[in-house]
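What follows is one structure encoded as structure tokens, with my remarks underneath.
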Amino acid sequence: MARLGAHVSVAGGTHLAFERGRAIGCDALQIFVKNASRWKGKALSTDEIAAFRDEHAASGWPVIAHASYLINLGSPDEALQVKSVAALVDELERCDTLGVPGLVLHPGAHMGEGVEAGIDRVARALDRTAELLPEARARVLLENTAGQGSTLGSDFEELGAILARVDDPARLAVCFDSCHAFVAGYDLRDEDGYAAAFDALEGAVGLELLAAVHLNDAQQGLGSRRDRHATILAGEIGSDFFARIVHDDRFADLPMVLETPLGDDGLGHQRDLTTLRGL
Ligand SMILES: [Zn+2]
Ligand SMILES: [Zn+2]
């Protein structure tokens, strides 16, 4: 079975994510490496870094980070581009400091300029990021998106196009989000749809580049392009998909993390992990 976990809060310090993860039954983690709704983050202290590295080593868990939602590498606005690259550089440096190997990033939105222009801007921004961090170890994990508005990456081919256009594709990999894929039009509900979706991902980017999975059910229907995550089995995707992916041998070593609603009692992820392990 896959390495199941959740996106866990880092309130009070990144190292505290492990204790929170253990309490709800995680076997993998996703965290923010800074406040995701602000441009600037507080510096990580030496003590926090050491505590995180100790906890990480003791856990044996695969850990990934998710980048700030403010970053838009596809923006035609020059100032926002510069700010976005600086923020991405900062987050990748934090990942390296903590020893986190992958940073999940929504590729960006073209804001009306068109898909081609947007893909090009994203590729050039990733090149600038790589130039500013020649020694970086953490990879950027491009996430497939729901396709709301002008966001790029709802079609796996767009992720493939970004990978094909950067100077050094070895700095990149991908993250698959089940809610986003479903609302973007990939019908994951039955065996044929599942096979077709991963064949499409294989064709567009190659499954060897799949580095992480977000397991989210979808509140809205197939092709709705509405990014609303649902509790596992409370949405539109259905149990067959989740049973299939958590037992798919090709993905057995990947972190598969929940970004589902926590619910009024805050225990949503714990319940979802129990659900997934029972499939
Ligand atoms: Zn996601
Ligand atoms: Zn989402």
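We did not get these values from a lab; they are worked out from the coordinates using the rules stated. Note that this is a predicted model, so its numbers are computed, not measured. Positions of Cβ are generated from backbone atoms using ideal geometry, with glycine treated the same way; all protein chains shown enter the neighbour counts.
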Inset, instruction - Output ³J(HN,Hα) for the range 85-97: one whole-Hz value per residue in order, computed from phi by the Karplus curve 6.51 cos²θ - 1.76 cosθ + 1.60 with θ = phi - 60°, and x for Gly and Pro. - result: 5, 4, 5, 5, 4, 4, 5, 5, 5, 4, 4, 5, 4
Inset, instruction - Using only C-alpha atoms and all pairs of different ones, pull out the Kirkwood radius for the chain in Å with one decimal. - result: 18.8
Legend entry - Residues with amide H under 5 Å from that of Val205, placed H, sequence gap 5 or more: none
Inset, instruction - Report the residues of the range 1-45 in range of a label on Leu267: point 7 Å along Cα→C-beta, backbone N strictly under 13 Å from it. - result: 24-25
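Where in the range 76-122 are there GluC sites (Glu not before Pro) that are in a DSSP coil and have at most 15 other Cβ atoms within 10 angstrom of their Cβ?
Values: sites: Glu78, Glu91, Glu93, Glu113, Glu116; in loops: Glu113.
Those that pass, being in a loop and sparsely packed, are Glu113.
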Legend entry - Along the chain, longest interval not containing exposed trypsin sites (Lys or Arg not before Pro), exposed being DSSP loop plus at most 13 other Cβ atoms within 10 Å: 138-279
Legend entry - Nonlocal amide H pairs with Arg139, under 5 Å, H built at 1.01 Å: Gly102, Leu103
Legend entry - Choice from Ala36, Ala67, Ala181 showing the highest fluctuation, given a GNM over the chain with Cα pairs closer than 10 Å: Ala36
Legend entry - Fraction of beta bridges assigned by DSSP in the chain that are antiparallel (%, nearest 5): 10
Inset, instruction - Compute the distance in nm between two label points, each set 7 Å from the Cα along the Cα-to-Cβ direction, one at Leu279 and one at Ala200. - result: 1.9
Inset, instruction - May I ask you to compute the full-extension gain from Asp77 to Arg189, defined as 0.36 nm times their residue separation minus their alpha-carbon distance, rounded to one decimal in nm? - result: 36.4 nm
Legend entry - Sorted by Cβ density within 10 Å, fewest first, the residues Met111, Met256, Met1: Met1, Met111, Met256
Legend entry - Candidates Asp187, Asp217, Asp248, ranked by Gaussian network fluctuation over the chain, Cα under 10 Å, top entry: Asp248
Legend entry - Simple Cβ-charge dipole of the range 3-277, Lys/Arg +1 and Asp/Glu -1, about Cα centre, in debye nearest 20: 800
Inset, instruction - Kindly put His110, His56 in sequence by how many other C-beta atoms sit within 10 Å of each C-beta, fewest to most. - result: His56, His110
Legend entry - GNM result for the chain, Cα springs below 10 Å: residue of Ala11, Ala87, Ala79 fluctuating most strongly: Ala79
Inset, instruction - Run the numbers on the range 3-277 and let me know its relative contact order in percent, using alpha-carbon pairs under 8 Å that are six or more apart. - result: 17
Legend entry - Cβ-derived FRET efficiency at R0 25 Å, Lys40 paired with Ala243, nearest 0.05: 0.05
Inset, instruction - Could you please rank Phe241, Phe176, placing first whichever residue has the fewest other Cβ atoms within 10 Å of its Cβ? - result: Phe241, Phe176
